[in-house]
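What follows is a short report on a single structure.
The values are calculated or read from the model by the stated rules, or taken from the named source; none is laboratory data. What you see is a predicted model; the values in this text were computed from it and never measured. Note: ideal-geometry Cβ built from the backbone for every residue, glycine included; neighbour counts use all protein chains shown.
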Amino acid sequence: MDYRSEAPQILRDFLVYHETIRGHSRATVDEYYLDLRNFFRYIKIIRGLAPRSAELDDVSISDIDLDFVASVTLSEIYDYLAFLARDKVKNEQSRDKEYGLNAASRARKISTLRSFYNYLTVKTKQLSVNPVADLDTPKIEKALPRYLTLEESERLLSSVDGKNKERDYCILCIFLNCGLRISELVGLDENDVRGDSIRVLGKGNKQRIVYMNDACKAAVEAYRPVRAITAGPNCRAFFVSNRRERMSRAAVHHMVKETLLKARLDPDMYSAHKLRHTAATLMLQNGVDVRTVQEVLGHTSLNTTQIYTHVDNAELHIAADANPLAKFSPKPGDGREGGEKE
């Protein structure tokens, strides 16, 4: 996506700021653009500047300028959030069917609006009033991350077969052992994987080194000769598609879902990102310090990593067993069976 040619100047300046000054990845900047583009398309429709029957994709925002941005009201923003929650909205970044956005997705879009208007009021002082200053964020239910057990993980790895079995096994092995994000995995170049380490380009263009265990090293060495035959002459990617080019996120997602099915695991419950959760959980369950896991996963905040400590916390089991009622069971004939006696 080339926002530099598509976006109006006021949006383009904001996006360039995030890409060049804040150092955000192109993927993050693209998400900001999609959020802002849809928002201003919606505002034009409800103001009658585009037909009420128009699809969001058909509304141009090339005429959006500072005066238009400044005129947005808090009421209009709440209308937009209600539209996202109530109506079917096309997910522009996947092939999924249309769906209403959940609270977490709406909260992310609010974050984009906050960042945009903060840039205009605080960073560049183009506006004096921030319409999102008092905007409430949808309440998000805190759910514990879903992950595979050790036995399920082994079953998944054992289910890999087919034409690309060496590549697919290597991908799953790295997900489950190293906890890479899918964007990090598809972004790997051949020279990023050397010896016992992987050089990873994470969020915010931050690099980190992730070390491989024996299982990962063996998977990599089994895949290398296959890659050498498969990769196109100018392909630098480590994981290569059948088209002899870098694998896409969609291709990796599809492979993971197909392998989950082969392993008799529910592909609706698990995904490539859940394999990252699995890596984190298994490390913590087996004695790895939470700060070390933070470094492996590339989390900026320790709080992000600590959610995994609550998934299978041995101390919570100990606390439950320590309750003096833990061993209590009703005795036969004490009136607790078959109801009360007359």
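The table below lists the values:
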{"item": "Any hit, segment 54-74, residues being part of a helix (DSSP H, G or I), in contact (Cβ under 8 Å) with a residue 60 or more places away in the chain and crowded, with 18+ Cβ neighbours inside 10 Å", "result": "no"}
{"item": "Unmet requirement for ARG155, which otherwise passes all of (1) touching a residue at least 60 places away in the same chain (Cβ under 8 Å); (2) closer than 30 Å to ARG108 by Cβ; (3) not hydrophobic (A, V, I, L, M, F, W, C)", "result": "(2)"}
{"item": "Residue, nearest to LEU275 (Cα to Cα), within segment 292-313, restricted to residues that are assigned to a helix (DSSP H, G or I) and modelled with pLDDT of 75 or more", "result": "LEU297"}
{"item": "Tally of residues being within 21 Å of the chain's Cα centre (by Cα) and without any contact (Cβ under 8 Å) to a residue 12 or more places away in the chain across segment 197-215", "result": "2"}
{"item": "Segment 133-157 - residue that is touching a helix residue (DSSP H, G or I) at 6+ places or on another chain (Cβ under 8 Å) and modelled with pLDDT of 90 or more and, of those, nearest to ILE43 (Cα to Cα)", "result": "LEU148"}
{"item": "Selection within segment 216-258 - part of a loop (DSSP other than H, G, I, E, B) and either of a type in the set (Val, Ile, Thr) or within 25 Å of the chain's Cα centre (by Cα) (or both)", "result": "ARG236, PHE238, PHE239, SER241, GLU245, MET247, SER248"}
{"item": "Hits in segment 33-52 - residues which are under 19 Å from ALA70 (Cβ atoms), of a type outside the set (A, V, I, L, M) and not in a loop (DSSP other than H, G, I, E, B)", "result": "ASP35, ARG37, PHE39, PHE40, ARG41, TYR42, LYS44"}
{"item": "Where ARG249 falls short, out of the listed (1) under 19 Å from ARG146 (Cβ atoms); (2) surrounded by 15 or more Cβ atoms within 10 Å (Cβ to Cβ)", "result": "(1)"}
{"item": "LYS203, sole failed condition from (1) at pLDDT below 95; (2) farther than 16 Å from LEU297 by Cα", "result": "(2)"}
{"item": "Counted residues, segment 281-291 - those being surrounded by 13 or more Cβ atoms within 10 Å (Cβ to Cβ) and in a helix (DSSP H, G or I)", "result": "6"}
{"item": "Residue match in segment 189-196 (condition: modelled with pLDDT of 90 or more and aliphatic (A, V, I, L, M))", "result": "yes"}
{"item": "Qualifying positions in segment 42-75 - farther than 18 Å from SER115 by Cα and among the small types (Gly, Ala, Ser)", "result": "GLY48, ALA50, SER53, ALA54, SER60, SER62, SER75"}
{"item": "Residue check, SER248 under 17 Å from HIS277 (Cβ atoms), touching a residue at least 40 places away in the same chain (Cβ under 8 Å) and of a type in the set (Ser, Thr, Tyr)", "result": "no"}
{"item": "Verdict on HIS273 being in contact with a Pro (Cβ under 6 Å, 6 or more places away or on another chain) and either modelled with pLDDT of 90 or more or surrounded by 15 or more Cβ atoms within 10 Å (Cβ to Cβ) (or both)", "result": "no"}
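This table checks each residue for (1) among the hydroxyl-bearing types (Ser, Thr, Tyr); (2) under 24 Å from the mean Cα position of the chain (by Cα); (3) closer than 24 Å to SER25 by Cα.
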site	(1), (2), (3)
THR149	yes, yes, no
SER153	yes, yes, no
LEU156	no, yes, no
ARG167	no, yes, no
LEU172	no, yes, no
ILE182	no, yes, yes
LEU185	no, yes, yes
LEU188	no, yes, yes
ASN191	no, no, yes
